[in-house]
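Worksheet for the structure shown next.
The values are calculated or read from the model by the stated rules, or taken from the named source; none is laboratory data. Predicted, not measured: the structure shown is a model, and the values here were computed from it. Because the Cβ atoms are built from the backbone with ideal geometry, glycine has one as well, and the counts that use them run over all protein chains shown.
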């Protein structure tokens, strides 16, 4: 084979090799003309085969001028040395990796499109930077939180702990990472508990929470913690993460709150017991008063003055009875759930009752009270005692904050067909503007100069407004300032029926007949006055003053009804009732608890002791008659008994 043939064969093999390459290859002569371009180069450059041969590199690709590629090409051509470069070619928006080799008649260039690789590398770099940024951010957050944050591997070793936990342990990160709880100084029971909990989280794939004491650099503290599973790519639990919070102060506060709540409950119980006892003690003197007044009315004394005095006394006794009832309803008053006893009531009657209540204070200060009411009757639909209580409160306030010899005006004006406005005005101390918004707040007493006897709890106006609102009305106050008096205006709805109907008087009570009634009460006045009243109505009455006397009299007297007091010394009413039921099983007297103890638990105890009925002292005559009539009817319908 000749040298020419051998060279041709060698060139053919070289060409085959170049054409089989995946890299692009082209050669240029010293005039920068393409002398060879392989298939891969045509594909990368997106040119037709043989399209570039003989053409000038800079004319075909002017975008090369001024780039790293131009400098590499010219350096290799001039200095006859190998040059490598990887750069971005803006014209194609691609990255190329280029190797340039000098040749005798020019240069040879191997190149490949590395855009995807560069983009992947840039993304990796971006992710690394972002990951590092997030790591620093999370580490800053976790290291500065007062909570402990940590991670266990499935072998119970710490793989991460934050700065707060390291400070509590008093250890460095190097001393903590890779150690178990036991190796870090936890008590054996504590370390074993956490090991079991880690295993449980891994097995169940569910969080677990607990609370535990621990002694660290801050001393003995209480910690609340939670362990949660960390899942890997295959949804397996690869670690257990945890957070722990110091709850020592919270626990101490909770304990303090519990202790305070218990104290409040004790105080509330003591208050209830005090109110119940006070109510009982107040009812005892009220019972003979009401009994005596009712007996006086029944005697029928025809004297207008006596009748007027009796009516006034009865109103005031009934008012006292209602106030005593309120003592047992303090909780309902504070919650605004006090029930009203609504009835059709005349405004003049309400005003008269309020004035009677306040008359002593007004007279003591030598005040002039001027009343101005409409000439025609004004009928309201409401609770007469509560409406009078509102006006009495306003009159008392006016008297309290008005200097001696001052004036108080009470006037009423029918606003329209639905409402009446009642004004209580004085020329007294007045109200500072800054205090007006707080006048109706609970426990707001107001420091107003010139007031006499500013005692009290500061609930009067607040209660008056709530009572007004319960009636569907309003109560407002106004004043032009200190020394210029004050005015309070109560607006309440009118009754739908405004026709003038006389109030029903007290009907003559029916006689109860010769029923045998045993009255038992350690209060002699209450027992004797009730006995006199019942005898006047025709009953056969025997009075006993203690439990033993009652049991002794019961056997011989054989009463049909026993009106039995509860709070007696020695043997109380409950015990007397139980003795009657057990010692005289063949007898069926009606046992009625007539007592000042009026709470629900008192009624329940009465039922359990064998009482048939429970009445609150003092018993009103009509209620007593109704009860006795009911008991007589029940006795007659069951089995007749000797009288």
Residue 536 passes all but one of the listed conditions (1) under 25 Å from residue 298 (Cα atoms); (2) surrounded by fewer than 18 Cβ atoms within 10 Å (Cβ to Cβ); (3) without any contact (Cβ under 8 Å) to a residue 60 or more places away in the chain; (4) in contact with a helix residue (DSSP H, G or I) (Cβ under 7 Å, 6 or more places away or on another chain); the exception is number (3)
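A quick yes/no check of all residues on (1) touching a strand residue (DSSP E or B) at 6+ places or on another chain (Cβ under 6 Å); (2) outside the structural domain of residue 44 (by TED's automatic domain parsing); (3) outside any helix (DSSP H, G or I):
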site	(1), (2), (3)
66	no, no, yes
76	yes, no, no
88	yes, no, yes
96	yes, no, yes
108	yes, no, yes
121	no, yes, no
125	no, yes, no
130	no, yes, no
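Pick out the one residue from 519, 512, 492 that is at pLDDT below 90 and either outside any strand (DSSP E or B) or buried (at least 18 other Cβ atoms within 10 Å of the Cβ) (or both).
Residue meeting the stated conditions: 512.
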All conditions in (1) surrounded by fewer than 22 Cβ atoms within 10 Å (Cβ to Cβ); (2) in contact with a strand residue (DSSP E or B) (Cβ under 9 Å, 6 or more places away or on another chain) are true of residue 399 except (1)
When residue 169 is run through (1) farther than 24 Å from residue 237 by Cα; (2) free of Cβ contacts under 8 Å to residues at least 40 places away in the same chain, the failure sits at (2)
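Is it the case, given these coordinates, that residue 572 is closer than 14 Å to residue 526 by Cβ and either out of contact with any strand residue (DSSP E or B) (no Cβ under 7 Å at 6 or more places or on another chain) or surrounded by fewer than 21 Cβ atoms within 10 Å (Cβ to Cβ) (or both)?
Taking the combined requirement at face value, the residue does not satisfy it.
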Only one of 603, 607 is farther than 29 Å from residue 297 by Cβ and modelled with pLDDT of 90 or more, namely 607
The residue from 363, 359, 389 that alone is part of a helix (DSSP H, G or I), closer than 19 Å to residue 314 by Cβ and without any contact (Cβ under 8 Å) to a residue 60 or more places away in the chain is 359
Given the structure, is residue 100 under 30 Å from residue 42 (Cβ atoms) and part of a strand (DSSP E or B)? yes
For residue 526, the lone unmet condition from (1) buried (at least 20 other Cβ atoms within 10 Å of the Cβ); (2) closer than 25 Å to residue 417 by Cα; (3) at pLDDT below 90 is (2)
Within the range 54-62, does at least one residue satisfy the condition of being in a helix (DSSP H, G or I), in contact with a helix residue (DSSP H, G or I) (Cβ under 7 Å, 6 or more places away or on another chain) and surrounded by fewer than 17 Cβ atoms within 10 Å (Cβ to Cβ)? yes
Looking across the range 563-584 at residues that are more than 24 Å from residue 620 (Cβ to Cβ) and modelled with pLDDT under 90, the single one that is nearest to the chain's Cα centre (by Cα) is 569
